[in-house]
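Trainee: Sharing a structure here in structure tokens format.
The values are calculated or read from the model by the stated rules, or taken from the named source; none is laboratory data. Everything numeric in this text was worked out from a predicted model, so none of it was measured. When we count neighbours, we look across all protein chains shown, and the Cβ atoms used for this are built from the backbone with ideal geometry, even at glycine.
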């Protein structure tokens, strides 16, 4: 059964939403109207510039050749950046809109004080009213969880349903472990990665869930996003065990991974 509660001390550290669409040359003249429509949620704004960087792999003693003319005149890409003081950031490009949040810990649970679905709906509904896009080429929803960890296989097996082959590569001996998979679940896709790092001074264990769908009619974007979230929630629930859930139910100030 999928998780159906809001935790006091959740493991999610960052959640990301993105839509992609064909490059729109006229988007710049519409940005002012869009900024006005989202100003309540995103009062801070700035215009950023991005430019491709040419990297050259040279052998010892080799000279850096002249940069070809086609690279020296690479166009600068504009990014319209909007923020709010609570830790949510939105970027508009000529071919995408993405949102990153460290505030939201729940998607649409009735007991959550902040619902990520609400700000997705508000931001994208306003965008689609101003920028008429018939089809979204890609919708993505991603959750990154940083989980409590000890350098102990017994603890790890009690708290997590891991993909790591710990019988062959014990956690106590590992400096780095990682696993990744990309699977298709019609009509969506899921990229999953699990990683453990021990640099000698600290331990880090990360679960990364990236669900996406391609070629979605614009009026179906929220329906598809709901499906993506259910995929992620199901995989997260399959990756953890009851001791972690008990840990997350405790206040953050008193929680310790024992």
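Trainee: Listed residues 177, 190; which is in contact with a helix residue (DSSP H, G or I) (Cβ under 9 Å, 6 or more places away or on another chain) and touching a residue at least 24 places away in the same chain (Cβ under 8 Å)?
Mentor: 190
Trainee: Could I ask something else about it? Quick one: in segment 114-154, which of the residues that are in contact (Cβ under 8 Å) with a residue 60 or more places away in the chain and part of a loop (DSSP other than H, G, I, E, B) is nearest to residue 86 (Cα to Cα)?
Mentor: Filtering segment 114-154 for residues that are in contact (Cβ under 8 Å) with a residue 60 or more places away in the chain and part of a loop (DSSP other than H, G, I, E, B), the one nearest to residue 86 (Cα to Cα) comes out as 148.
Trainee: Here's something else I'd like to know. Any idea how many residues of segment 197-211 are out of contact with any helix residue (DSSP H, G or I) (no Cβ under 7 Å at 6 or more places or on another chain) and surrounded by 15 or more Cβ atoms within 10 Å (Cβ to Cβ)?
Mentor: 7
Trainee: For residue 132, state whether it is over 16 Å from the mean Cα position of the chain (by Cα) and either at pLDDT below 95 or at positive phi (or both).
Mentor: Yes.
Trainee: Further question: Scanning for something farther than 21 Å from residue 206 by Cβ and either modelled with pLDDT under 95 or in contact with a strand residue (DSSP E or B) (Cβ under 7 Å, 6 or more places away or on another chain) (or both), does segment 142-150 turn up at least one residue?
Mentor: no
Trainee: List, please: which pairs have Cβ atoms under 7 Å, are six or more places apart or on different chains, and start with a residue in segment 229-257 that is on the phi > 0 side of the Ramachandran plot and in a helix (DSSP H, G or I) and end with one that is surrounded by 14 or more Cβ atoms within 10 Å (Cβ to Cβ) and at pLDDT below 95?
Mentor: The qualifying pairs do not exist here.
Trainee: Being in contact with a strand residue (DSSP E or B) (Cβ under 8 Å, 6 or more places away or on another chain), outside any helix (DSSP H, G or I) and loosely packed, with under 15 Cβ neighbours inside 10 Å is true for just one of 182, 168. Which residue is that?
Mentor: Going through 182, 168 in turn, the sole match is 182.
Trainee: Then there is this: Within segment 1-113, considering only strands (runs of 3 or more DSSP E) that don't extend past its boundaries, which have at least 3 residues that are within 19 Å of the chain's Cα centre (by Cα), closer than 30 Å to residue 238 by Cα and modelled with pLDDT of 95 or more?
Mentor: 12-20, 96-101
Trainee: Right, residue 162: in contact with a strand residue (DSSP E or B) (Cβ under 7 Å, 6 or more places away or on another chain) and touching a residue at least 40 places away in the same chain (Cβ under 8 Å) or not?
Mentor: yes
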